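Following: one structure in structure tokens, then a few remarks.
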2 protein chains.
Amino acid sequence: MSRHIAGHDLEPLATGSWILGTGGGGSPYSSYLGMKNFYGSGGSVDLLDPAELADDDLVAVLSTMGAPVVFQERMPDPAFAIKPLRIMEAYLGKRFRAVMTVEIGGCNAFQPLLAAAASGLPVVDADAMGRAFPEAQMQTFAIADLTMYPHVVADIRDNDVIVARAATWHALERVRRKVCTEFGSVATTCQAPRTGAEIKRHAILHTTSRAIALGREVRRARAAHEDTVAATVRAAHGKLLFRGKVIDVQRRTTEGFLRGTTRFAGLDGDAGSTFEIAFQNEFSVGWRDGTVAVTTPDLICVLDSVSGEAIGTESLRYGQRVSVIALPSPAIHRTAKGLEHVGPRAFGYDISFKSVFAEDEVELEV
Amino acid sequence: MSRHIAGHDLEPLATGSWILGTGGGGSPYSSYLGMKNFYGSGGSVDLLDPAELADDDLVAVLSTMGAPVVFQERMPDPAFAIKPLRIMEAYLGKRFRAVMTVEIGGCNAFQPLLAAAASGLPVVDADAMGRAFPEAQMQTFAIADLTMYPHVVADIRDNDVIVARAATWHALERVRRKVCTEFGSVATTCQAPRTGAEIKRHAILHTTSRAIALGREVRRARAAHEDTVAATVRAAHGKLLFRGKVIDVQRRTTEGFLRGTTRFAGLDGDAGSTFEIAFQNEFSVGWRDGTVAVTTPDLICVLDSVSGEAIGTESLRYGQRVSVIALPSPAIHRTAKGLEHVGPRAFGYDISFKSVFAEDEVELEV
């Protein structure tokens, strides 16, 4: 059923989507402030159940792309979010029925809300990653081998590029990444238009609702002075992997990504151990005392041990008390085809995926 | 008057356009072979006098862009030349009346002929540089502040980008250069569509005819065992600046360009002197014994002292006997606005332009 996103859902959406960002996707905070402002002036946004889409409804798949650290300086706003959608409509000569995000993790959870604020279009309660991933070919529509073009990349200035055709999803990713870097490492996109039928079949459904529910639970636990990390693990059927403090962070902003590693020294039951995580925008592989402990597509999340808020790869810093948790991935990511797109080898690690979750353990569901 | 380009005009066009390339634009040789092949199988191409264009006729401005050294490996052909034109027609929802080149210097002299071979469209006898220059904002349409978008960049594979809008000509150049580099440093373009009125007012007219006539004169002198360099200087109202041999070449392929310097030791009357030239695809500034002797927009051409054929920045090599000549630039390049776009400062040299030609000396005309 279609429903309004309530004003009091916005803060939980920020908390929940930041956890699902697995370190990447950019902090949702400034997008959240933008939407809070819109609600404060009487606006509101409709959330559309994907089941309500007609098979031939056309949906705009939106994102902000680039280096998350830049998003903190050039804050998202409705006009920038809607710009590539309007360019795509002019290019197609068709109007969109609704908007959705390419990824529910991080600030892009709010991208269709910002576009909705500028257009009145409803937001489809779904995404194409169930989390955040750094590259275009990591979306479920790529795993399903759907067409990847046309794809609009818009600059905050008067510069706009349409990738009219691309030979492969990887070719699309490479060229749009170069364009984005030239645009200052921040751009908004309107990706290949999707039909209602494609979304119902290939998107990860109800992820906006899921992020809101997860955020609500964290905030409830915090207000009740309960263990917020335990609350997230319980609500999202996850596992606590490590508790410690940050003792090292190495980052480099390169080729349009934030790459690096971070290392934690164990505390409490993990005292004497270390945990290291490598990232490309998002956390990809974790090692406990030098042995692989967890890899993508399991969701690797680093939370503030007290507040339960997620910590992004760009905001990790020495001395933070952190908890590493894993959440189960959407089933599509664990198929052979899914692993080609988002498994450890897709990130350059010669490691076979072995989930920290047994086969019969449930998917992320709050 | 519209006329056929004769088969026996193709080789002179290659010779003349390579001289007007001022070291850049890429050798026309393989494009010439492609057209020779087309003519050999009974094809021919019409050359249209710009005066015959109606004011609202739409003309496709075409080019191959990238690193000339790559063009030698991935040879130009009609299908690749016409590809961005067809994408532009689909984007605009309009058909073109004719084709023209963005630059008469180097292989792009043949680009509209290749497109004509694939489409039957006539080639407008004009270009937007009167020579070759490395960047988009160096064309006369940029000097005239005409709109720079849409601009199509096509890959030889199934990758195509439309720059739908650009804030400035420089912004267009930067983003299309990144795309071209990602495409393997070779791409074909269909630049912002131009009307007949714009061409008649702002293009450099009759430059295809001029290149053919120049090439004919070089070849006539060669057959008659005359001094080919002197023949070019006389025919094009140029000046001989230096005769010598190549003693040094430094090249780096960087940011989508071929940059570097070359140094010549004097022979004959120039014995004891040296001449150094800096280039960015094309020759930009020349120094005789450490003192500035010639700068863009004067055309700086390096010719084989015997054959009179031009030598490109990518084909300079130790020991070649060379003659450096200057040819007068089109008048538009010597205006204050023109110098902003193509003067020495536009190439990063803190030098004021002083032509080697007196004010009353004529423009390049054969």
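The values are calculated or read from the model by the stated rules, or taken from the named source; none is laboratory data. What you see is a predicted model; the values in this text were computed from it and never measured. When we count neighbours, we look across all protein chains shown, and the Cβ atoms used for this are built from the backbone with ideal geometry, even at glycine. Protein only, heavy atoms only, side chains kept; ligands, DNA and RNA dropped before computing areas. Shrake-Rupley method; radii C 1.70, N 1.55, O 1.52, S 1.80 Å.
Relative contact order, whole percent, for the range A:274-335 stands at 27, derived from Cα pairs under 8 Å and 6 or more residues apart.
Normalised by the residues of chain A, what does the relative contact order come to in percent, with Cα pairs under 8 Å and at least six apart?
Numbers: 897 pairs, mean separation 72.7, N = 366.
Here the relative contact order equals 20 percent.
Running a GNM on chain A with Cα contacts under 10 Å, which residue among A:Ala166, A:Ala115, A:Ala213 ends up with the highest mean-square fluctuation? Among A:Ala166, A:Ala115, A:Ala213, the largest GNM mean-square fluctuation belongs to A:Ala166. From the alpha carbon centroid of the range B:161-214 to that of the range B:220-287 is 27 Å. The GluC sites (Glu not before Pro) of the range A:252-289 that DSSP puts in a loop, and whose beta carbon has at most 12 other beta carbons within 10 Å, are A:Glu255. The mean number of partner chain beta-carbon atoms within 10 angstrom of a residue's beta-carbon across peptide A:166-179 is 4.
If the chain linking A:Thr261 and A:Arg321 were pulled fully straight, counting 0.36 nm for each residue of separation and taking away their Cα-Cα distance, it would gain 19.9 nm.
Along chain A, the longest continuous region that contains none of the trypsin sites (Lys or Arg not before Pro) in a DSSP loop with at most 12 other C-beta atoms within 10 Å is A:96-316.
Taking all protein chains together and rolling a 1.4 Å probe, A:Tyr91 ends up with roughly 70 Å² accessible. Distance between the pseudo-spin-label points of B:Ser352 and B:Ser2 (7 Å out from Cα toward the beta carbon): 4.9 nm.
So if R0 is 45 Å, what FRET efficiency would B:Thr335 and A:Ser41 give, r being the distance between their Cβ atoms, rounded to the nearest 0.05?
Step by step, r from the Cβ atoms, then E = 0.30.
When B:Arg157 is represented by a point 7 angstrom out along its Cα-to-C-beta vector, the spacings to that point in the other copies are 3.0 nm, nearest first. Taking the protein heavy atoms of chain A in the context of the full set of protein chains, the accessible area attributed to carbon and sulfur is 51 percent at 1.4 Å. Expressed to the nearest 5 percent, the antiparallel share of DSSP beta bridges inside the range B:3-207 is 75 percent.
A straight line joining the Cα centroids of the range B:115-160 and the range A:50-112 runs 33 Å. By the gyration tensor of its Cα atoms, with a ≥ b ≥ c the square roots of the eigenvalues, what is the shape of the range B:148-284: rounded for a/c under 1.5, prolate for a/b over b/c, or oblate? Judged from the Cα gyration tensor, the range B:148-284 comes out oblate (a/c at least 1.5, b/c at or above a/b). Relative contact order, whole percent, for the range B:3-207 stands at 30, derived from Cα pairs under 8 Å and 6 or more residues apart. Loop-located chymotrypsin sites (Phe, Trp or Tyr not before Pro) in the range B:258-296 (DSSP state not H, G, I, E or B) with no more than 14 neighbouring Cβ atoms inside 10 Å do not occur.
Give me the count of lysine pairs in chain A whose alpha carbons sit under 22 angstrom apart, restricted to pairs 8 or more positions apart or on different chains. For chain A, qualifying lysine pairs total 7.
Each residue of chain A gets 126 Å³ once the volume of the Cα convex hull is shared out per residue.
222 nm [θ] for chain A, helices only, -39500 (n - 2.57) per DSSP H run of 4+, per residue, to 500?
The helix contribution divided over chain A gives -8500 deg cm²/dmol.
If you sort the three axes of the alpha carbon gyration tensor as a ≥ b ≥ c, you get a/c of 1.5 or more for the range B:235-366 and a/b no higher than b/c, which makes it oblate. Remark: the range B:227-348 carries 38 Å² of accessible area per residue (probe radius 1.4 Å; ligands, DNA and RNA excluded). Shown is the FRET efficiency for B:Ser307 and A:Leu92, computed with R0 = 45 Å from the Cβ-Cβ distance and rounded to the nearest 0.05: 0.25. Considering only B:Val285, B:Val123, B:Val249, the Gaussian network model of chain B with Cα springs below 10 Å gives its largest mean-square fluctuation to B:Val249.
A point 7 Å from Cα along Cα→Cβ stands in for A:His237, and the other copies hold the same point at 8.3 nm, listed in rising order. Between copies, the label points of B:Ala51, set 7 Å from Cα on the Cα→Cβ line, lie 7.5 nm apart, reported in increasing order to one decimal in nanometres.
With the charge dipole of the range A:227-348 set up from +1 on Lys and Arg Cβ and -1 on Asp and Glu Cβ about the Cα centre, the Cα lying farthest toward the positive end among the listed residues A:Ile325, A:Leu299, A:Val233 is that of A:Leu299. Charges were assigned to the Cβ only: +1 to each Lys and Arg, -1 to each Asp and Glu. The resulting dipole of the protein assembly as shown about its Cα centre is roughly 480 debye. Between B:Glu226 and B:Asp145, the modelled labels are 4.5 nm apart [label points 7 Å from Cα along Cα→Cβ]. Looking at the protein assembly as shown, the pairs of alpha carbons with a distance over 39 Å make up 45% of the total.
When DSSP beta bridges are restricted to pairs lying wholly in the protein assembly as shown, around 90% turn out antiparallel. For chain B, a Gaussian network of Cα nodes joined below 10 Å ranks B:Asn108, B:Asn37, B:Asn281 by mean-square fluctuation, and the top entry is B:Asn37.
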